[in-house]
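The values are calculated or read from the model by the stated rules, or taken from the named source; none is laboratory data. None of the values given here were measured: they were computed from a predicted structure. Heads up, the Cβs are rebuilt from the backbone with ideal geometry, glycines too, and the neighbour counts pull from every protein chain shown. When the accessible area is computed, the model is the full protein with side chains, heavy atoms only, and any ligands, DNA or RNA have been set aside. Shrake-Rupley method; radii C 1.70, N 1.55, O 1.52, S 1.80 Å.
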Amino acid sequence: WIKPESLVLKHSPPRGIQRNSVGAGMAEEIVADVEMNVVEAEVPAEEMAEEKVEEKVEEDAVAGEPAKPKEPEKPKELEEDGIAETRVKVSAGFVEFNSADSTMNVLTSNGCQIISSLTGGGFSYLLGGARTTVGLTSGRYMFEVKILELHSRQEPQGAAGRIPMPRHIVKLGLSQGDTSLLMGDNSEGSVSIDSEGFLQHEKTRKKVAKQFRANSVVAFLVNLDAASPNANTISVFCDGVRICAPQAIPDNLLGKPLFPTVTFKAVTMQVNYGPVSMAPLPFKCNMLSDAAQADVQVGPKASEGPCEIVMPVGLPEQGYFDWVDAFLEKNPGYTELSDRKILDWAHRSGIWKAKTPGAFSTDKPDMKFGIPLMDDMSVKKLLLHIAPTVRKSFVVPELKANLTADERKAFLKNFAGPSFKKVAKVVVGEPTADYKAKVQQLMIEEKKEKTLAERKKKAAEAVRARLLEERKKKVASMKQKKEGEEEVAEEKEVAPDEIVDEDVVVELTDEEKALHYRKSAQPDILDQTLSKCFMDFSLPTTEEGFDQVTFEWASQDTAEKVVKDWIFAKKMTQRVENVQPGQWFKDAWTEWARTLAGWKRLQAEWKDPNKKKALLAKKAEAKKKEAEEKGEEAPKEEAPMEINADDLEVSSVENVADIGSGEPLFAEFTYEDWALLSARYELHVLLHSFKKDVEDPDRQSFSEKDLGFYYQKYTKKNWALRSFAVDTMEKFIDLVKDTVRLAPQTAFLEPLQGEETTPSAFVKLAEEHRRERTRRADAGDESAELKFPRTSGIAAAGAAVAPGSLGRLAPQQPLRAPYGAPNGGAMRPAGYAGVVPGAGIGGFKRPAPPTNTPTSYVAKRPTFGGAWKR
């Protein structure tokens, strides 16, 4: 049967000739002639049909009927039948997927003929991979897989990230023995064809085959036979039919043993290594289990003795993770168990992660993917349960946990028993020469990458500038042409392509060569985390459950001294995140709040003439009552004694609330004086309380940089130098130099008054300071005058509040900001002086109403909707 679409048009029909009905029935006559000639003629039927078709094409061309192009012939299968292998073969049952060379989520059963992956929690999104026990060096062999089951699950609600697609994937390919098991992750050393029909090598991905699905027998053919027409290629067959043309193995993979590898996700597969094929190919081919020993190389074997669990112990920012990377590079048989490894695994599995705002560290990186089953850390939890059951050696680079004895002991309990040898490797002290050389090499590579990136950026900018200039010239030319002007012919300069020279030569500076550890943009441990736990850091011992403790860089004595000195140095610079105000501070703070409020009320009454008179009368009544109680004659009413407060020696005043005439010592205090008084006492009790609450003889105080943290921690108020109209701590200390100072050697804050100093003593200090400023101002010293910004707050006059009680007002007492307060006066700053006598709410006078208000103005009633009327 000759299909009409197989006709080939050799001559174009003459112009003007229409398609007629004559050619419509000619195909049937040709077919009839072909069928008759099959029996009678000696010429083969196919050749006779071709001759008839050619005649028909010529006739159709004359008749004006165009012919359709002939279908392309299917490519001829170049693979030939293989001969039975007579050389020495690998042992029966030896070829299988290697449990020692597979990812942690791969599960095998039935003699490694059934292979699947974990799907609990976030494992349903992670790829799994496994290599066979033998790598091919020559010959032509194949193995088969059959997808038995697809694991599906309903996605939980609240997923903000991108679910990796496709949900199920199988990749068949080749990889070198020391490369990634997750083929298609853009890394070197592998080539694969996946179930979607894509071939991927490094960053190259292209469509080469048809898709294959579940319940189909898929054969993966590797041809390394130099005598074959398809030498050094891979092919895929589905149910015995080729679904892709032979694909060349990349040159950079040839010359090394290539291990058949499978990478998959959320599927269960049957694997057939041979010797009998489940779906025979169009030609005979030996299977992987029939491979000759001369054509294969055996891969790594699982350890017959106890596996090792290695816990590196080092200090932050002292080369810890660089040492771990070097250890894994020298010992590829070890598997890393850490957060950073899970993050890398997810990235290689195609899980996209948006950048999360916040601070993270190398020890605890950002693990938020926006996918609930990944964000719940179920992968790490399940790995810790699986690891003790797997015949693998592990390295656990958990920097913070490995430095703490309790966390070391808790982790080792997971690996109890003789199956694992538990080893601690201490990397503390001066590194070895090999490590220093490695660090310098890494630093050189970093500088090369940075220099190359700058060159590429400059080249891109040059190209952008050239294109912009060309565009401007083109626009100008079009404008001239539109205006009818004669266009000036310009010689076009052919711009050379911007070629970036990637041959970068860099050198390290003397300062960089002297470095023992490489600096990174991300800290090993966050400061806020370190401040909570560094006091518990220690070196491991065999009493904790280790079978062996080795010191890689320095001796045990030297390492212990380094850790001790490091902890002491941290005490001098690191703040105590978990410090809490003790009972001594709470009692002193409560008493201060009550006393300060009484003093401010007393000053306000003394300044008010009416209240002052009542105050003096109350005082006289108190003296009379006191005399009556003693049985003495009541004193006669006399005019109050006149005392000039400025003439009194401040230190001689016994009662700061009454210097003898009823006048308080602080009667002339202004906003600035009250602010400095509050700051004096608050810093005094803070420094003494910190020493009590920390209970560490090495840590008696703290530096200026941590003052804001501790001040807010204890007083529940913000510390701000601008509240005192200064910009440096030194200038503020000059205002309260009778109370606190900066230690000359450590620059720590030190209290100058004893622990038992009463609040009245600080009033005297404030009064002496006020008089000194007054004398300087009278002498013409303008710098003596203080003028602090009147910032508003929620409490009056810098009054102290009980720790933890700030802002906890009853619902029936809504918090209202003072007039003119920015942001509602959410939290009062340090030294806030609050209500000033004669002022309105919050120390601010309410503005007077405008005098030019029109008298004839009548407010209109709002015309809102039903809600307003109701």
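Got a sec to turn the phi values of the stretch 760-767 into Karplus ³J(HN,Hα) couplings, 6.51 cos²θ - 1.76 cosθ + 1.60 with θ = phi - 60°, whole Hz, x for Gly and Pro?
Once rounded to whole Hz, the list reads 4, 5, 6, 5, 5, 4, 5, 5.
Convert each backbone phi in the stretch 587-601 into a coupling constant with the Karplus relation 6.51 cos²θ - 1.76 cosθ + 1.60 (shift: θ = phi - 60°), then list the ³J(HN,Hα) values in order as whole Hz, x for Gly and Pro.
In residue order, the calculated couplings are 5, 5, 5, 5, 5, 5, 4, 5, 5, 5, 4, x, 5, 5, 5 Hz.
What is the set of long-range amide H partners of Leu224 at a cut-off below 5 Å, with H atoms built 1.01 Å from backbone N?
Amide H neighbours of Leu224: Gly139, Arg140, Tyr141, Asn232.
One-quarter of the Cα convex hull surface for the stretch 233-313, in nm²? It would help to have the intermediate numbers written out before the result.
Numbers: hull surface 39.7 nm².
For the Cα atoms of the stretch 233-313, the hull's average projected area reads 9.9 nm².
Per residue, how many Å² of accessible area does the stretch 66-209 show with a 1.4 Å probe? Each step should come with its number before you reach the end.
Working: 7180 Å² over 144 residues.
Accessible area per residue: 50 Å².
Going down the table (Lys458/Lys705; Lys171/Lys301; Lys210/Lys392; Lys364/Lys456), which pairs top 29 Å between alpha carbons? Don't jump to the answer; show the numbers that get you there.
On the way: Lys458/Lys705 41 Å; Lys171/Lys301 23 Å; Lys210/Lys392 37 Å; Lys364/Lys456 33 Å.
Result: Lys458/Lys705; Lys210/Lys392; Lys364/Lys456 exceed 29 Å.
For Val740, enumerate residues with amide H under 5 Å from its amide H, sequence gap 5+ or separate chain, H modeled in the peptide plane.
Leu752
Which residues' amide hydrogens lie under 5 Å from the amide hydrogen of Val428, considering only partners 5 or more residues apart or on another chain, with H built in the peptide plane?
When sequence neighbours closer than 5 places are left aside, the close amide H contacts are Glu552, Trp553, Ala554.
Any idea of the accessible area per residue across the stretch 365-490, 1.4 Å probe, to the nearest Å²? Numbers along the way, then the final one.
Numbers: 7630 Å² over 126 residues.
Per residue, the stretch 365-490 has an accessible area of 61 Å².
Report ³J(HN,Hα) in whole Hz for each residue of the stretch 646-661, in order, from the Karplus equation J = 6.51 cos²θ - 1.76 cosθ + 1.60 where θ = phi - 60°; Gly and Pro get x.
Going residue by residue, I get 5, 7, 7, 7, 4, 5, 7, 6, 8, 10, 5, 7, 7, 7, x, 9 Hz, with x marking Gly and Pro.
What does the extension gain come out to for Glu77 and Leu467, with contour length at 0.36 nm per residue minus their alpha carbon separation?
Values: separation 390, 0.36 × 390 = 140.40 nm, distance 5.07 nm.
Full-extension gain reported as 135.3 nm.
Accessible area of the stretch 361-469 with a 1.4 Å probe: how many percent of it is carbon plus sulfur?
Working: 3130 of 5470 Å².
C and S fraction of accessible area: 57 percent.
Quick check: at a probe of 1.4 Å, how many percent of the accessible area of the stretch 65-207 sits on carbon and sulfur atoms? Show your work: numbers first, answer last.
Values: 3540 of 7160 Å².
Ligands and nucleic acids excluded, carbon and sulfur reach 49 percent.
Out of every Cα pair in the stretch 508-664, what percent are spaced more than 19 Å from each other? Write out the running numbers ahead of the final one.
Details: 9483 of 12246 pairs.
The proportion of pairs with Cα distances above 19 Å equals 77 percent.
Give me the 1.4 Å probe accessible area per residue for the stretch 542-699, excluding ligands and nucleic acids, in Å².
With all protein chains present, the stretch 542-699 gives 57 Å² per residue.
Find the centroid of the Cα atoms in the stretch 643-667 and in the stretch 754-792, then give the distance between the two in whole Å.
If you average the Cα positions of each part, the centres end up 16 Å apart.
When the C-alpha atoms of the stretch 118-268 are aligned to their principal axes, what extent does each axis show, in angstrom, from largest down?
57, 32, 28
Counting Lys +1, Arg +1, Asp -1, Glu -1, what net charge surrounds Val134 among other residues with beta carbon under 15 Å of its beta carbon?
The answer is +1.
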